[in-house]
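J.: Sharing a structure below in structure tokens format, with a few things to ask.
The values are calculated or read from the model by the stated rules, or taken from the named source; none is laboratory data. No experiment lies behind these values; they were computed from the predicted model shown. Here the Cβ positions follow ideal geometry from the backbone for every residue, glycine too, while neighbour counts run over all protein chains shown. Areas reflect the complete protein model, heavy atoms only, side chains present, ligands, DNA and RNA absent. Shrake-Rupley method; radii C 1.70, N 1.55, O 1.52, S 1.80 Å.
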Amino acid sequence: MGKKNQRNRKEAHPFLTEFMDYIYVIIGSALVAISFNVFLLPNEVASGGVSGISTILFGLFEWKPAFVQWAFNIPLFIAGVILLGKNFGLKSAVGTIFLPFVVYLTEDWEAWTMNPLLGSLFGGILVGLGLGIVFRGKASTGGTDLAAQIITKFTGLTLGTSIALIDGMIVLAAAVVFDIERGLYALIGLYVTSKTIDLVQVGFGRSKLVYIITTKQMEIRDAIYEEVDRGVTKLTATGGYTDSERPILMVVVHQTEFTKLKQVVKTIDSAAFVIVSDASEVLGEGFKRA
């Protein structure tokens, strides 16, 4: 009976993971939609994407943003499936449809600020948070990301360049339709959104990746094991000037452990050559689980 229960739990696990992905998509899409209605639209901040297009068209013709977003998202999703030959998945379809639906439900909410700078900053944060959560659900909200993929396929441009071109044209259109200041606020919103997405994706934790070149590698290795309690990887390198083999010790530590590691190395070999770089995401034993 115990083995059967374990087998059932293992079988249920993929279902639970898939279910949580849909929850991420729904929550993330809702956050993006709310941010649009309470921060971006009232302040005429068209920070890229289909939401930016709907902001511009609302300013010009007072067309309902939710309907504009559906009008762009659904055909783009279908075009992506046909032209790119990919199965974008039901989760992305949910995000494509659900986000404008929440925009429609919350269209009467009062703006949380009428200061365009605050609107672009906090709108960018909330949009980035929502999109980061959607991406964690292994999905997207469709829109101009799909258009960029189509452009990439038929023009040979990189995906990043295609996205930058589309968002750039939207921001430029916002500057023409509204004013230059609104275009600049849109750029602020875009930047804050991208940084927030990165933060959601890699988390708040920061680690240090350290390379140590030393003539006392055995003593330093043992000290790291005992005093810092971290594993060490030994890499083989060749000196460029001497053409002789020199081992390199590689170790990853939490930011709070770095000072102790530095003291350990300095105490054993003050002449050691140490290279330190940031590691934004570390998966594995002793760090974040994959």
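J.: What number goes with the only condition from (1) of a type outside the set (Val, Ile, Thr); (2) open to solvent by 40 Å² or more (accessible area, probe 1.4 Å); (3) under 22 Å from residue 199 (Cα atoms) that residue 131 does not pass?
T.: Evaluating residue 131 over (1) of a type outside the set (Val, Ile, Thr); (2) open to solvent by 40 Å² or more (accessible area, probe 1.4 Å); (3) under 22 Å from residue 199 (Cα atoms) leaves (2) as the failure.
J.: Just one of 122, 101 is closer than 19 Å to residue 174 by Cβ, surrounded by 15 or more Cβ atoms within 10 Å (Cβ to Cβ), modelled with pLDDT of 95 or more and of a type in the set (A, V, I, L, M, F, W, C); which is it?
T.: Details: 101 fails: closer than 19 Å to residue 174 by Cβ.
Answer to the check: 122.
J.: Assuming residue 78 fulfils every condition listed in (1) among the β-branched types (Val, Ile, Thr); (2) open to solvent by less than 10 Å² (accessible area, probe 1.4 Å); (3) at pLDDT below 95 apart from one, which condition is it?
T.: Unmet for residue 78, out of (1) among the β-branched types (Val, Ile, Thr); (2) open to solvent by less than 10 Å² (accessible area, probe 1.4 Å); (3) at pLDDT below 95: (2).
J.: Is it true that residue 193 is among the hydroxyl-bearing types (Ser, Thr, Tyr), buried (at least 20 other Cβ atoms within 10 Å of the Cβ) and within 19 Å of the chain's Cα centre (by Cα)? Write out each step before concluding.
T.: Values: among the hydroxyl-bearing types (Ser, Thr, Tyr): yes; buried (at least 20 other Cβ atoms within 10 Å of the Cβ): yes; within 19 Å of the chain's Cα centre (by Cα): yes.
The answer is yes for residue 193.
J.: Same structure, new question: Select from segment 155-172 the residues that are touching a Leu at 6+ places or on another chain (Cβ under 8 Å) and at pLDDT 85 or above and write down the one among them that is least open to solvent (accessible area, probe 1.4 Å).
T.: Going through segment 155-172, the residues touching a Leu at 6+ places or on another chain (Cβ under 8 Å) turn out to be 157, 165, 167, 171.
Now drop any that are not at pLDDT 85 or above, which leaves 165, 167, 171.
Numbers: 165: 91, 167: 28, 171: 12 Å².
Within segment 155-172, the match that is least open to solvent (accessible area, probe 1.4 Å) is 171.
J.: What residue, among those in segment 173-207 that are outside any helix (DSSP H, G or I) and at pLDDT below 90, is farthest from residue 29 (Cα to Cα)? Lay out the reasoning, then the answer.
T.: At the first step, the residues of segment 173-207 found to be outside any helix (DSSP H, G or I) are 178-179, 203-207.
Narrowing further to those that are at pLDDT below 90: 203-207.
Working: 203: 19, 204: 22, 205: 25, 206: 27, 207: 30 Å.
Here the residue is 207.
J.: Further question on the same structure: When you go through 264, 276, 251 one by one, which is the residue that is closer than 16 Å to residue 210 by Cβ, open to solvent by 40 Å² or more (accessible area, probe 1.4 Å) and among the aliphatic types (A, V, I, L, M)? Break it down stepwise before answering.
T.: Details: 264 fails: open to solvent by 40 Å² or more (accessible area, probe 1.4 Å); 251 fails: open to solvent by 40 Å² or more (accessible area, probe 1.4 Å).
Being closer than 16 Å to residue 210 by Cβ, open to solvent by 40 Å² or more (accessible area, probe 1.4 Å) and among the aliphatic types (A, V, I, L, M) holds for just one of 264, 276, 251, which is 276.
J.: Related question: Please go through (1) modelled with pLDDT of 95 or more; (2) open to solvent by less than 30 Å² (accessible area, probe 1.4 Å) for residue 211 and return the number of the only condition it doesn't satisfy.
T.: Of (1) modelled with pLDDT of 95 or more; (2) open to solvent by less than 30 Å² (accessible area, probe 1.4 Å), only one is false for residue 211: (2).
J.: Let me ask something else. Give all pairs with beta carbons closer than 8 Å in which a residue from segment 204-227 that is among the polar types (S, T, N, Q) meets a residue that is open to solvent by 30 Å² or more (accessible area, probe 1.4 Å) and part of a helix (DSSP H, G or I); count only pairs at least 6 apart in sequence or on separate chains.
T.: 207/255; 214/268
J.: A follow-up question, please. Given the criteria surrounded by 13 or more Cβ atoms within 10 Å (Cβ to Cβ) and either among the aliphatic types (A, V, I, L, M) or part of a helix (DSSP H, G or I) (or both), does residue 256 qualify?
T.: Working: surrounded by 13 or more Cβ atoms within 10 Å (Cβ to Cβ): no; either among the aliphatic types (A, V, I, L, M) or part of a helix (DSSP H, G or I) (or both): yes.
Judged against the criteria, residue 256 is not a match.
J.: Taking residue 131, is it under 23 Å from residue 34 (Cα atoms), among the hydrophobic types (A, V, I, L, M, F, W, C) and without any contact (Cβ under 8 Å) to a residue 12 or more places away in the chain?
T.: Working: under 23 Å from residue 34 (Cα atoms): yes; among the hydrophobic types (A, V, I, L, M, F, W, C): yes; without any contact (Cβ under 8 Å) to a residue 12 or more places away in the chain: no.
Judged against the criteria, residue 131 is not a match.
J.: Let me ask you something else. Regarding residue 189, is this residue touching a Phe, Trp or Tyr at 6+ places or on another chain (Cβ under 9 Å) and within 30 Å of residue 62 (Cβ to Cβ)?
T.: Details: touching a Phe, Trp or Tyr at 6+ places or on another chain (Cβ under 9 Å): yes; within 30 Å of residue 62 (Cβ to Cβ): yes.
Answer is yes for this residue.
J.: Find the residue count for segment 16-44, including only residues that are open to solvent by 20 Å² or more (accessible area, probe 1.4 Å) and aliphatic (A, V, I, L, M).
T.: The number of residues fulfilling the criteria is 9.
J.: Check whether at least one residue in segment 226-235 is open to solvent by 30 Å² or more (accessible area, probe 1.4 Å), more than 15 Å from residue 208 (Cα to Cα) and part of a helix (DSSP H, G or I), and report yes or no.
T.: So far as segment 226-235 goes, yes, one or more of its residues are open to solvent by 30 Å² or more (accessible area, probe 1.4 Å), more than 15 Å from residue 208 (Cα to Cα) and part of a helix (DSSP H, G or I).
J.: In segment 45-75, what residues are out of contact with any Gly (no Cβ under 6 Å at 6 or more places or on another chain), in a loop (DSSP other than H, G, I, E, B) and crowded, with 19+ Cβ neighbours inside 10 Å?
T.: Here is the first cut: in segment 45-75, the residues out of contact with any Gly (no Cβ under 6 Å at 6 or more places or on another chain) are 48, 51-72, 74-75.
Retained after the next criterion (residues that are in a loop (DSSP other than H, G, I, E, B)): 48, 62-64.
Once the filter is applied, which keeps residues that are out of contact with any Gly (no Cβ under 6 Å at 6 or more places or on another chain), in a loop (DSSP other than H, G, I, E, B) and crowded, with 19+ Cβ neighbours inside 10 Å, segment 45-75 yields only 48.
J.: Next up: Among the listed residues 125, 78, which satisfies the condition of being in contact (Cβ under 8 Å) with a residue 12 or more places away in the chain, out of contact with any Asp or Glu (no Cβ under 8 Å at 6 or more places or on another chain) and in a helix (DSSP H, G or I)?
T.: Values: 78 fails: in contact (Cβ under 8 Å) with a residue 12 or more places away in the chain.
The unique qualifying residue is 125.
J.: Here is a follow-up. Could you give every pair whose Cβ atoms fall below 7 Å, whose first residue belongs to segment 168-181 and is in contact (Cβ under 8 Å) with a residue 24 or more places away in the chain, and whose second residue is surrounded by 14 or more Cβ atoms within 10 Å (Cβ to Cβ) and charged (D, E, K, R), counting only separations of at least 6 or pairs across chains?
T.: If the second residue must be surrounded by 14 or more Cβ atoms within 10 Å (Cβ to Cβ) and charged (D, E, K, R), the pairs left are 174/182; 178/44.
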